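The values are calculated or read from the model by the stated rules, or taken from the named source; none is laboratory data. If you're wondering where the values come from, they're calculated on a predicted model, not measured in any experiment. Cβ: placed from backbone, ideal geometry, glycine included. Neighbour counts: every protein chain shown.
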Amino acid sequence: MGKVNQCLKRLFIAFNALFAIFGGLMIYGLIKSSAYSHQMSAVGGPSVGWAWAFALGVLGISCLGIFAGHSEKPLALKIFAGFMGVGMIVMMIFGIMSAVGKEQMKTSMQDTEMVKALLHTSEMSEALNQLQEAGHCCGITGASDWGDVIPDSCACHSSGYTYSAYASGCKAKPQGTTGPNQIYAETCSKYIFGLLDMIFNMALGLFFGFAVVALLGLLISLLMVHQVNRHDDAGASFNMKGY
């Protein structure tokens, strides 16, 4: 018979197995999104190094939790409890950093010079071109983001979009630029800021949610340590009486 309540033990192992899978999926996602990590950091977004540390931490601590729960070793459970306590504090710090980073990124995305520097990269310019075609908008702060050459994705054909739900109106291209004569009057900032709000709100929910989960993990691991110690103390008392 084990030292820990079997239902609690299974719950603890399943809890950690779920987060080990989540950590693995995060690592896979970071590998896939590595092409955009530099651009995100350049405009005030969270560094990809923090994301890697978070993903590896989730995976490593979850594996430790699985081992601690299966082995019922007090030392392993205490180490896991310590990580849960530290993790709870770290998640709260990450949540605060995400809230600050959200405002920093919005400020950076309103800086024309910063946007121009970003559009020199093929990934960002291609992504904005696709957004302009789909959202019927031009530039982030304005058409001037593209410099002297405005792409065809900014071209506005008023007759084709007069009754469109996406219609933003047309205006003449800025003087001294080449490209379509009529471009979309609306910028793409509302789409980009809407996406940023969604991403950062999800991150805030994730980090503070993990803080609550870490607290639960801390309490469960401490309860398991208590049960193991009580079992060992009861066994020692029984042996002393027998002696």
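For the reader, a short list of remarks on this structure follows.
- Residue match in the stretch 214-227 (condition: more than 17 Å from the chain's Cα centre (by Cα), outside the structural domain of S144 (by TED's automatic domain parsing) and at pLDDT below 85): no
- Sole exception among (1) outside any helix (DSSP H, G or I); (2) modelled with pLDDT of 90 or more; (3) not charged (D, E, K, R) for Y163, by number: (2)
- Filter result for G194 (surrounded by fewer than 13 Cβ atoms within 10 Å (Cβ to Cβ) and either at pLDDT 90 or above or under 30 Å from the mean Cα position of the chain (by Cα) (or both)): yes
- One residue alone among A53, A68 is free of Cβ contacts under 8 Å to residues at least 40 places away in the same chain and on the phi < 0 side of the Ramachandran plot, and that residue is A53.
- Those residues of the stretch 178-193 which are hydrophobic (A, V, I, L, M, F, W, C) and closer than 18 Å to A155 by Cβ, in sequence order: I183, A185, C188
- Yes/no for V58 being touching a Ser or Thr at 6+ places or on another chain (Cβ under 9 Å) and at negative phi: no
Each row is one residue, and each column tells you yes or no for (1) surrounded by fewer than 14 Cβ atoms within 10 Å (Cβ to Cβ); (2) over 30 Å from F210 (Cα atoms); (3) of a type in the set (G, A, S).
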residue	(1), (2), (3)
M105	no, no, no
M114	no, yes, no
E126	yes, yes, no
N129	no, yes, no
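- Inside the stretch 59-78, residues that are touching a helix residue (DSSP H, G or I) at 6+ places or on another chain (Cβ under 7 Å), surrounded by fewer than 21 Cβ atoms within 10 Å (Cβ to Cβ) and part of a helix (DSSP H, G or I) make up a count of 9.
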